[in-house]
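Engineer: There's a structure below that I have some questions on.
The values are calculated or read from the model by the stated rules, or taken from the named source; none is laboratory data. Remember, it's a predicted structure, so these values are computed and weren't measured experimentally. Cβ sites come from the backbone with ideal geometry, for glycine too, and all protein chains shown count toward neighbours. Just the protein is used for accessible areas: all its heavy atoms, side chains included, with ligands, DNA and RNA removed. Shrake-Rupley method; radii C 1.70, N 1.55, O 1.52, S 1.80 Å.
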Amino acid sequence: MDAGAGAPVRTDVELRLRPIADDFLPTLDHALSQRDAARAFVAEAITDGVRDVLFLGCGGSWASSVHAAHTLQRLGRALHVSNIRSSEVGERFPARLGPGTLVIASAHSGGTPETVAAVRLAKRAGARIVTLAHPEGSALGEFADLELTYRSNHTITSPKQTLLSHLTWSLLTETGAIADPGPVWAAYDALPVALRTALDEADDHLALTARALADNPFLYVLGAGPNAGASYLLSMCYLVEMQWRYSASFLAGEFFHGAFEMLHGDAGIIHLVGEDASRPVSERAVRFAEQVSPHSHVLDTTMLSLPGIAPELRSEVTPIALGVLCSRLAEHFEAVSGHSLDERRYMGRVDY
């Protein structure tokens, strides 16, 4: 069925569910191995007077930075933090961009034109540059003062967020926002196994969710606070780009300022509910949706055991866990729809 017909793309044959990537644990371990380099770089930058932090990225790479930016904005009183889509930098060149700015730029391929162009401008302005990509020596990395990599084409968002955590918590430590990052580092050291366990624990629930929403013509995805990046990732990158589904993501609280009027008929909704301070906002949206729609589905991190993560630090890692669950949910949608996540009409196929 063609996506333009107003219904989900479906083939006559379901696809075999992809196995969880063999490189899941090694990729996260590689990301963790770069912590010391990130800490040393941040310590030097703060000593030299850096107080502005600018995250840059497009699509999923921008979404991957939401958690880190949220944490720095919440805790980093000595820092001015922005999270900007790379394509906007040329239009609204930040007035504060200069030698006192740390630019953290992400692009999976390391070659996203908008991000490369934005980093080029930042470098000319005298900013310090950290880049995140899967390959070493990418076009983006050529501008880097520190190049961080995760070396995987399959395990992407969680190692990006792990690398960003090195920078985030180093910045908070070096500016005096926290005294001892040791418990946070311990939580991240436990994260690879905790996330791999989460995939097993949630897989049946994700399969049921994908099958239940297989034929809904439109899907809302709601998140709040640091989980908004995962909701954007699921909606825009996985459902729209990779599954050709009609979908939109909204902040759970903002949903009540207009968008919820369209929750009727066969419209489906997926709630991403974490354990951070935004949880009551998401719970409110869940309560409402369950009153008016039979197509409301919840991914709640309280279903996960997250072994090795101290209870007081679950709120720090659950935004990453939700991103991992969203990636796996996309694979379940692929299996049910028969439409490959790798199929594109335009991206990488035509000039634009």
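Engineer: Being more than 22 Å from Glu201 (Cα to Cα), part of a helix (DSSP H, G or I) and open to solvent by less than 20 Å² (accessible area, probe 1.4 Å), is that true of even one residue in the stretch 316-331? Can you show your working first?
Structural biologist: Filtering the stretch 316-331 for residues more than 22 Å from Glu201 (Cα to Cα) gives none.
Within the stretch 316-331 (the criterion being more than 22 Å from Glu201 (Cα to Cα), part of a helix (DSSP H, G or I) and open to solvent by less than 20 Å² (accessible area, probe 1.4 Å)), the answer is no, since none of the residues qualifies.
Engineer: Shifting gears a bit: Ile178 is checked against (1) part of a helix (DSSP H, G or I); (2) out of contact with any Lys or Arg (no Cβ under 6 Å at 6 or more places or on another chain) and fails just one. What number does that condition carry?
Structural biologist: For Ile178, the exception is condition (1).
Engineer: Restricting to the stretch 27-56, give me the number of residues that are over 22 Å from Thr101 (Cβ atoms) and either touching a residue at least 12 places away in the same chain (Cβ under 8 Å) or in contact with a Cys (Cβ under 8 Å, 6 or more places away or on another chain) (or both).
Structural biologist: Here is the first cut: in the stretch 27-56, the ones over 22 Å from Thr101 (Cβ atoms) are 27-33, 35-36.
Imposing the further condition that a residue be either touching a residue at least 12 places away in the same chain (Cβ under 8 Å) or in contact with a Cys (Cβ under 8 Å, 6 or more places away or on another chain) (or both) reduces the set to 27-32, 35.
Qualifying residue count, the stretch 27-56: 7.
Engineer: Residues that are within 20 Å of Leu15 (Cα to Cα), among the basic types (Lys, Arg) and outside any helix (DSSP H, G or I): does the stretch 205-217 have at least one?
Structural biologist: For the stretch 205-217, residues within 20 Å of Leu15 (Cα to Cα), among the basic types (Lys, Arg) and outside any helix (DSSP H, G or I): absent.
Engineer: Have a look at Val281, Val298 and point out the one that is assigned to a strand (DSSP E or B), open to solvent by 30 Å² or more (accessible area, probe 1.4 Å), at pLDDT 95 or above and of a type outside the set (Lys, Arg). Spell out how you get there, then give the answer.
Structural biologist: Numbers: Val281 fails: assigned to a strand (DSSP E or B).
None of the others qualify; the one that does is Val298.
Engineer: Can you tell me which residue is most open to solvent (accessible area, probe 1.4 Å) among those in the stretch 118-127 that are of a type in the set (A, V, I, L, M) and part of a loop (DSSP other than H, G, I, E, B)? Write out each step before concluding.
Structural biologist: Of all residues in the stretch 118-127, those of a type in the set (A, V, I, L, M) come to 118-119, 121-122, 125, 127.
Now drop any that are not part of a loop (DSSP other than H, G, I, E, B), which leaves 125, 127.
Values: Ala125: 30, Ala127: 6 Å².
Result: Ala125.
Engineer: Looking at Val130, Val89, which is the one that is surrounded by 22 or more Cβ atoms within 10 Å (Cβ to Cβ), more than 25 Å from Leu234 (Cα to Cα) and touching a strand residue (DSSP E or B) at 6+ places or on another chain (Cβ under 9 Å)?
Structural biologist: On the way: Val89 fails: more than 25 Å from Leu234 (Cα to Cα).
Residue meeting the stated conditions: Val130.
Engineer: Please state which one of Ala198, Ala248, Ala177 is among the small types (Gly, Ala, Ser) and open to solvent by less than 20 Å² (accessible area, probe 1.4 Å). Please lay out each step first, then the result.
Structural biologist: Values: Ala248 fails: open to solvent by less than 20 Å² (accessible area, probe 1.4 Å); Ala177 fails: open to solvent by less than 20 Å² (accessible area, probe 1.4 Å).
Sole residue among the options that is among the small types (Gly, Ala, Ser) and open to solvent by less than 20 Å² (accessible area, probe 1.4 Å): Ala198.
Engineer: Another one. Restrict the check to the stretch 4-18 and report whether at least one residue is charged (D, E, K, R), in contact (Cβ under 8 Å) with a residue 12 or more places away in the chain and crowded, with 19+ Cβ neighbours inside 10 Å. Let's see the steps before the verdict.
Structural biologist: Let us first name the residues in the stretch 4-18 that are charged (D, E, K, R), namely 10, 12, 14, 16, 18.
Okay, now just the ones that are also in contact (Cβ under 8 Å) with a residue 12 or more places away in the chain, so 10, 12, 14, 16, 18.
Filter once more, so that each one left must be crowded, with 19+ Cβ neighbours inside 10 Å: none.
No.
Engineer: Say whether the condition of being in contact with a Phe, Trp or Tyr (Cβ under 7 Å, 6 or more places away or on another chain), under 24 Å from Pro319 (Cα atoms) and modelled with pLDDT of 95 or more is met by at least one residue in the stretch 54-63. If you could, list the steps in order and put the result at the bottom.
Structural biologist: Here is the first cut: in the stretch 54-63, the ones in contact with a Phe, Trp or Tyr (Cβ under 7 Å, 6 or more places away or on another chain) are 63.
From what's left, under 24 Å from Pro319 (Cα atoms): 63.
Pick out the ones that are also modelled with pLDDT of 95 or more and you get 63.
Yes: one or more hits.
Engineer: Please work out which residue is surrounded by the most Cβ atoms within 10 Å (Cβ to Cβ), limiting yourself to the stretch 98-117 and to residues that are more than 18 Å from Ser165 (Cβ to Cβ) and among the aliphatic types (A, V, I, L, M).
Structural biologist: The extreme case among them is Ala107.
Engineer: Between a first residue in the stretch 144-155 that is in contact (Cβ under 8 Å) with a residue 60 or more places away in the chain and under 11 Å from Asp23 (Cα atoms) and a second residue that is surrounded by 15 or more Cβ atoms within 10 Å (Cβ to Cβ) and among the small types (Gly, Ala, Ser), which pairs have beta carbons less than 7 Å apart while being 6 or more apart in sequence or on different chains?
Structural biologist: Tyr150/Ala31; His154/Ala21; Thr155/Ala21
Engineer: To continue, here is another question. Just one of (1) over 24 Å from Pro226 (Cβ atoms); (2) β-branched (Val, Ile, Thr); (3) open to solvent by less than 40 Å² (accessible area, probe 1.4 Å) trips up Thr71, so point out which.
Structural biologist: Of (1) over 24 Å from Pro226 (Cβ atoms); (2) β-branched (Val, Ile, Thr); (3) open to solvent by less than 40 Å² (accessible area, probe 1.4 Å), only one is false for Thr71: (1).
Engineer: Still on this structure, I have one more. For the condition at positive phi and out of contact with any helix residue (DSSP H, G or I) (no Cβ under 6 Å at 6 or more places or on another chain), what is the one hit in Gly100, Gly49? Full working, then the answer.
Structural biologist: Working: Gly100 fails: at positive phi.
Answer to the check: Gly49.
Engineer: Between Leu233, Leu208, which is buried (at least 21 other Cβ atoms within 10 Å of the Cβ) and either without any contact (Cβ under 8 Å) to a residue 60 or more places away in the chain or in contact with a helix residue (DSSP H, G or I) (Cβ under 7 Å, 6 or more places away or on another chain) (or both)? Talk me through it step by step, then tell me what you get.
Structural biologist: Working: Leu208 fails: buried (at least 21 other Cβ atoms within 10 Å of the Cβ).
One residue alone meets the criteria, Leu233.
Engineer: So which residues in the stretch 85-105 are farther than 15 Å from Val130 by Cα and touching a residue at least 24 places away in the same chain (Cβ under 8 Å)? First the steps, then the outcome.
Structural biologist: Residues of the stretch 85-105 that are farther than 15 Å from Val130 by Cα, as a first pass: 85, 87-96.
Correct list: Arg85, Ser87, Val89, Gly90, Phe93, Pro94, Arg96.
Engineer: Okay, next question. Any chance you could count how many residues in the stretch 264-278 are open to solvent by less than 20 Å² (accessible area, probe 1.4 Å) and either among the aromatic types (Phe, Trp, Tyr) or out of contact with any helix residue (DSSP H, G or I) (no Cβ under 6 Å at 6 or more places or on another chain) (or both)? Steps first, please.
Structural biologist: Filtering the stretch 264-278 for residues open to solvent by less than 20 Å² (accessible area, probe 1.4 Å) gives 267-274, 278.
If we keep only those that are either among the aromatic types (Phe, Trp, Tyr) or out of contact with any helix residue (DSSP H, G or I) (no Cβ under 6 Å at 6 or more places or on another chain) (or both) as well, we get 267-268, 270.
Result for the stretch 264-278: 3.
Engineer: Anything in the stretch 142-174 that is open to solvent by 10 Å² or more (accessible area, probe 1.4 Å), part of a helix (DSSP H, G or I) and over 17 Å from Pro26 (Cα atoms)? List them, or say none.
Structural biologist: Residues satisfying the conditions are Glu142, Phe143, Trp169, Thr173, Glu174.
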